[in-house]
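Trainee: Got a structure for you, questions after.
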Amino acid sequence: MSRLNIFQRVSQAPTNPHPPTASKNFDVADLYRGPISDNSASSENQGIALDEKLRQTYFWITNTAVISPHYDIEYNEDPPQVFTLGDSRSKLVLPSAQSYSSFILLPLLTFATRSKCLFIGGPGRGKTASAILMGVIAGYPVREVRRAMQHGHPQMTIADLLGNPLPADLVNAQKIEDIRISWRNWLGMRVKIIDEYNRIPTRTQSALLTVMGDNYAEILNHIYECPDSAWFLTANDEQGGGTYQVIEALRDRIDVVVQALAFNPHFLKDLLTRIEENIRPEEVVPRQIIFSEAEVTQLQNDIRAVSVSPEVLSRIEFFCSQFEFCEVAADQFEYKTKDTARLASIEWHALTAQDTGRDRLKDLGCQTKNGLSVRTLMTLLNYTKAIAYFRGSLEIELEDVRQIVPFVLHDKLIADPDAPFFAAPGNGAYRTDRVSWIRKLFDLACAEYDRLNLDRENPVAELSAEFSKGLEGLSAADARARLIKIERLIPEMMKGRKLYGNLYDDLLKLKYLHQRYTNYLKWVKTK
Amino acid sequence: MISAVLAAVLRSGREDFNNRFAIAKRTYQELDAQIFSNLLAECVDPFLQAIAEIRPDQVNVAANAAFDASLILIGQRLIGFHANCDSFGRNVWKQILIPGARIFADRPDRAIASIFNALCNLSGTPGARAEQWTSEVASFLPQCNHDDMFFAIALIAAWRCGLAHFRKTAIDVADRLPEKIVLQLFHANDSDGWQSVKKKLMENPWFDPAHPNQIPDHVRVVAEIGAFRGFGGPFAEPPLVKSNDEDILIRSADESWLLTADSFGSTLHKIPLAEFESGKNGEVLPKGLPDFSAKGKMTSFASSPTTLALTFEYSHRIKLLSLV
C-alpha cells in the first residue's frame, strides 16, 4: 500500500529566491507539472534541476519532517527590521529575504557535498532522526539506515565497527592473505551515521579515524575501500566529553557542527498529529526527493563549478589570516605561529602575558588560541559554494561566506575566553554563543578590510596578480625591478605599525614572491 | 452505489485511505467529504472499471493515484466546488480519462497527474481556454494508439488554447505526429500539407492555419495584452516595453516579464529586472501605423522580428502589431 500522500507532497511552488531567467525553450514537461505528483516518473524524467530538487528537499523536511521553525541563517535583500528586547538588549531580527534553519540546511549541504557533519545538542532533540532522514534521501530503505547506524558505546571494539575475520579462515589459513574478512555493511554505504561518537573508546576511535580520514578500513592487512560518502555523527556533549575524550584528529575531520535547537512548544500540535496519525516522516519520504548516486555526484560537480570572485576571495583571505600569527612564539619569521607555541607545549597565558604593544582588543587574533588549517579552509570554500548553489547562485556572495563560516569553524577556532574582547561590555554572550562570535569575527574582519581600503589599494594583491601572469619572457632587468619593488614595499607596509595577522601573511607572501624572482633571476643569468 | 472494483480497492486499503483523508482534511479544512465521495463514485469508479477490463494489475495504481489527485484538487478547490473548475474537473474524467482508459491503462498514474496538471496550468493562465482544450483533446482520443501520442496532441492543443510559450516545442512535437492529425489540430486544409503550414507558422506567429488567407499586407493590431492588476491583470502601473532582439520584454513598477504571443494567445514569464534593463528601446516606428491618439501619449515601443509592442500613458494594456 502506498504511503500517506500528504506527507509526500513536495513543494511545487518555486523555491528559488531569485527570479529565474525565463527560458526561451519551454519544456514539454512544464505543461504536465503541477500540484499532482507523478509517482511514476523519476526526477530525471521530470526534468527537475538538481539545485531545485535540493531546495524541494529542504522545504519538505522543514514543512513535513522536522519541526524546526528557526531561521538562524539570515539573508536580507533590504535592511531587516531589528527589535531590541529585554534587559540584556537582545536583538530579534526579522530577515527580509528567504532565510533558513541551520539544523536542516547544514546536514543537507553535507549530504550534497559528501562531507562530515556533527549534530550536537541535548538528548531527544532530533539529532539521530535528522541523520536517518539523510540516509533515506540517499535512497536507502529506512530499515537499512537504522540497522547500519553505528551506535557508540564504551565496549565498542574495532571488530564491532569494521568487521571480523571469518573464524574458519583464522584456523585454517597458512598466510594472512588467506583470511577473509566479513566487513560490516555500513562501510559500503554512501551515507554513514555514527550515533554518540563520543562514547566510542579511544582505540576504536582510531579505527574510525582511518575510515573517516582516509576512506578505507583495514583488518589484518586486508583493505576495504569505502565509497565517497556523507557522514553524520551525533554527540550529546559539544566539548567532546561524554564517556571518552574524542581524539583531536577525529574532531578535526568533522567539517561542520550543527546544534539541535530547542523545541518551541507552540508547535506541540504538530507533534500531537504525529502521535495520532502514527506517522514517522522518514518512512514517508516522497520519491521525488530521493537522490540517486549519480545525482549526488553531479551535485558535487555542480557545487564545485560555483565561482568565487577575486573580491570575495580576498576578504576570505583577509579573515583567515587573522588568527595564526603569534609574534612571540619564535625567532624565525615563518615559525611565529600559535601552532609553534602549542607544539612546544608553552602555556597559553605565558604567551599572552608577553606584551607586543598590539591593540589586544582590536586584534582579532587575540580572541583565539589557534589558527585555521588547510583542511578547514577547503571545507569553508566547499560549503560556501554549496550554500550559494542551494540558493540558486552561480557565484558566491559575501553573505554566503558570512552565514556558513560559523558552522565550519565552530569546533575549529578555539576562543580564548580571557581575551579582552569577551570582557568588553556587551560581548559576554560570545563566550557561549560560538556561532555569533565567529560571525562577529567575520564582520570585524570585513570592517577592518574596508578601513584599510583593500578593495582599491592592495599592493600585495597587485604584486601577486603580476606574478601569476607567469615568468615566461621576463627579462633580468624586469625581475630585478620587481625585487626592488618588494624590498621597498616591506618597510613601507610596516611604517609605524604593529605586526598583525594579516600583515604577517602579507609579508610571508612578499618573501615568497621575492624568493621566486630571486631564483628566476639566477636562472636567467646562467642562460 | 459504487462498483465492486472500487469497493474492493477501498476495502483492502481502508485504514490507509481513511488516514489519508484525515490528514488532507487537516491541511485543507474545506475539504468536503460528500463532494469527495460523489467524485469517487461518479468519476473515479467508472475509470477504475475501464482500467480493470484492460489491465487489472493496474487498478490499485490507478485507484491510489486518483484518490490522492482528487484530495488535492478538491482540497485546493480546483474541482468539486470551485466555480471555474467544477465542470472542467468532471469533464476531464468523463471525456478524457474514462474513454481513454485503453491508452492510459499501462500508466494510469502518469495520465491522471499529467492531465490534471495540464488542466491546472491552463486554468491558471489568464486567457488560456481550458474548456476548449478539454473538448479538443477528447475529440482526438479515438485516433490515439498510445498515451505518448495523446500527450503530444495535448501539448499542441494547449498551445492552440493559449499557452503561447509552447509554440516551438509544440511545432517540434507536431513533426512526429501523423500529418492528418496535425492538420486537424490546426483546422488546416488537407491540401496545404504540414510542412507548408509549419513553414508559415515558423515565419509568422500571427498566422492562423484555420484562416490562411487572412494575412493583410499592412501593419495591423493583432492583440492587446495585459490589464490593471486591480481588474485581475498583471500590471500595477502602465507598463513599458523593450526588446532583446528576439522577444518583447515588459516592465511594470518593479516587476518584469518576457512576453510570448501569437495568434493563439499570449503568456507572461517573470524575468529579473536586470534583464529588462539590458533590453533595447525601439528606435524607429514603422510607417502606416493606425491612429492611437485617443490612447494618449505613447510611452514606449519595442519590436521583435515579427511583432511591434506599444504602450501608452493612460493604459495598462499593451498593443501588439504584426510586422509580417
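The values are calculated or read from the model by the stated rules, or taken from the named source; none is laboratory data. Predicted model, so just to flag it, every value in this text is computed and none were measured. Here the Cβ is made from the backbone with ideal geometry for all residues, glycine too, and neighbour counts use every protein chain on show. For the accessible areas, the whole protein counts, side chains as well, though only heavy atoms, and no ligand, DNA or RNA atoms are used. Shrake-Rupley method; radii C 1.70, N 1.55, O 1.52, S 1.80 Å.
Trainee: Give me the distance in nm between label points sitting 7 Å out from Cα along the Cα-to-Cβ direction at A:Ser88 and A:Glu144, one decimal.
Mentor: It works out to 4.6 nm between the two label points.
Trainee: Mind checking the full-extension length gain between B:Asp291 and B:His187? Use 0.36 nm per residue of separation minus the Cα-Cα distance, one decimal, nm.
Mentor: 34.1 nm
Trainee: Here's a follow-up. Working out 0.36 nm times the residue gap between A:Asp78 and A:Leu220, then minus their Cα-Cα distance, what length gain in nm do you get to one decimal?
Mentor: Contour length minus Cα-Cα distance gives 45.1 nm.
Trainee: I would also like to ask the following. Let me make sure I get this right: for segment B:4-124, a, b and c are the square roots of the gyration tensor eigenvalues over alpha carbons, sorted descending. Under 1.5 in a/c it's rounded, otherwise prolate if a/b > b/c, else oblate. Which is it?
Mentor: oblate
Trainee: Using a 1.4 Å probe and counting only protein heavy atoms, arrange A:Ile223, B:Ile318, A:Ile181 so the residue with the most accessible area comes first.
Mentor: The residues order as A:Ile223, A:Ile181, B:Ile318, largest area first.
Trainee: Something else: What is the distance, in nm, between label points placed 7 Å from the Cα along the Cα-to-Cβ direction at A:Leu313 and at B:Val324?
Mentor: Taking the simple label geometry, A:Leu313 and B:Val324 are separated by 4.6 nm.
Trainee: In sequence order, what are the phi-derived ³J(HN,Hα) couplings for segment B:4-13 according to the Karplus relation 6.51 cos²θ - 1.76 cosθ + 1.60 with θ = phi - 60°, rounded to whole Hz, with x for glycine and proline?
Mentor: With coefficients 6.51, -1.76 and 1.60, one gets 5, 5, 5, 4, 5, 5, 5, 5, 6, x Hz.
Trainee: Among the listed pairs B:Lys270/B:Lys297; A:Lys469/A:Lys495; A:Lys91/A:Lys509; A:Lys53/A:Lys91; A:Lys385/B:Lys25, give every one whose C-alpha distance is greater than 31 Å.
Mentor: Pairs exceeding the cut-off: A:Lys91/A:Lys509; A:Lys53/A:Lys91; A:Lys385/B:Lys25.
Trainee: While we're here: Mind listing the phi-derived Karplus ³J(HN,Hα) values for segment A:295-304, rounded to whole Hz, using 6.51, -1.76 and 1.60 with θ = phi - 60°, and x for any glycine or proline?
Mentor: Those phi angles translate into 5, 5, 4, 5, 4, 4, 5, 5, 5, 4 Hz.
Trainee: Tell me the relative contact order for segment B:4-124 as a rounded percent, counting alpha carbon contacts under 8 Å between residues six or more apart.
Mentor: It rounds to 28 percent for segment B:4-124.
Trainee: I've got another one for you. Could you compute the longest span of chain B free of chymotrypsin sites (Phe, Trp or Tyr not before Pro) located in DSSP loops and having at most 12 other Cβ atoms within 10 Å, not counting the site residues?
Mentor: B:82-313
Trainee: Assuming R0 = 45 Å, can you tell me the calculated FRET efficiency for the pair B:Asn281 and A:Lys495, based on Cβ-Cβ distance, to the nearest 0.05?
Mentor: Computed FRET efficiency for B:Asn281 and A:Lys495 comes out at 0.25.
Trainee: Is the protein assembly as shown best put as rounded, prolate or oblate by its Cα gyration tensor, with a ≥ b ≥ c the root eigenvalues, rounded for a/c under 1.5, and otherwise prolate when a/b is larger than b/c, oblate when not?
Mentor: Cα axes put the protein assembly as shown in the oblate bin.
Trainee: Now for a different question. Given the C-alpha centroids of segment B:108-151 and segment B:227-301, what is the distance between them in whole angstrom?
Mentor: 30
Trainee: Please report the orientation-averaged projected area of chain B, defined via the convex hull of its C-alpha atoms, in nm².
Mentor: Mean projected area of the Cα convex hull: 18.9 nm².
Trainee: For B:Glu237, what residues show an amide H to amide H distance below 5 Å, using hydrogens built from the backbone and excluding near sequence neighbours?
Mentor: It is B:Ala253, by chain and number.
Trainee: In segment A:160-195, what trypsin sites (Lys or Arg not before Pro) fall in a loop by DSSP, with at most 15 other Cβ atoms inside 10 Å?
Mentor: Taking segment A:160-195 and a limit of 15 other Cβ atoms within 10 Å, the loop trypsin sites (Lys or Arg not before Pro) found are A:Lys175, A:Arg180.
Trainee: I need the shape label for segment B:220-322. Rule: rounded when a/c is under 1.5, else prolate if a/b > b/c, else oblate, with a, b, c from the alpha carbon gyration tensor.
Mentor: Rounded, since a/c falls under 1.5.
Trainee: Counting only heavy atoms of protein chains, what accessible area per residue, in Å², does the protein assembly as shown have with a probe of 1.4 Å?
Mentor: For the protein assembly as shown, the per-residue accessible area is 47 Å².
Trainee: Given R₀ = 45 Å, what would the calculated FRET efficiency be for B:Gln132 paired with A:Glu276, taking r from the Cβ atoms and rounding to 0.05?
Mentor: 0.50
Trainee: Now for a separate question. Check each of the trypsin sites (Lys or Arg not before Pro) in segment B:287-324 and keep only those in coil by DSSP with at most 10 other C-beta atoms within 10 angstrom; list them in order.
Mentor: Taking segment B:287-324 and a limit of 10 other Cβ atoms within 10 Å, the loop trypsin sites (Lys or Arg not before Pro) found are B:Lys287, B:Lys297.
Trainee: Would you mind checking which residues have amide H under 5 Å from B:Ile248's amide H? H placed 1.01 Å from N; only 5 or more apart, or other chain.
Mentor: Amide H neighbours of B:Ile248: B:Leu259.
Trainee: Something else now. Total Å² of accessible surface buried at the A-B contact, 1.4 Å probe, nearest 100?
Mentor: So the buried area, both faces added, is about 3200 Å².
Trainee: I've got another one for you. Return the FRET efficiency for the residue pair A:Thr432, A:Arg360: r is the Cβ-Cβ distance, R0 is 25 Å, and the value is rounded to the nearest 0.05.
Mentor: That gives a FRET efficiency of 0.75.
Trainee: Give me the one-decimal nm value for the distance between modelled label points at B:Leu10 and B:Met202, 7 Å along each residue's Cα-to-Cβ direction.
Mentor: About 5.4 nm, to one decimal.
Trainee: When the solvent-accessible surface of protein heavy atoms is calculated with a 1.4 angstrom probe, in what order do A:Leu409, A:Leu170 fall, highest first?
Mentor: My answer, sorted largest first, is A:Leu170, A:Leu409.
Trainee: Run the accessible area of segment B:4-124 with a 1.4 Å probe and give the carbon-and-sulfur part as a rounded percent.
Mentor: 48
Trainee: Cut-off under 25 Å on the C-alpha distance; same-chain residues fewer than 8 positions from B:Lys200 excluded. Which lysines are left, in chain and number order?
Mentor: By straight Cα distance, B:Lys200 reaches A:Lys24, B:Lys168, B:Lys180, B:Lys287, B:Lys319.
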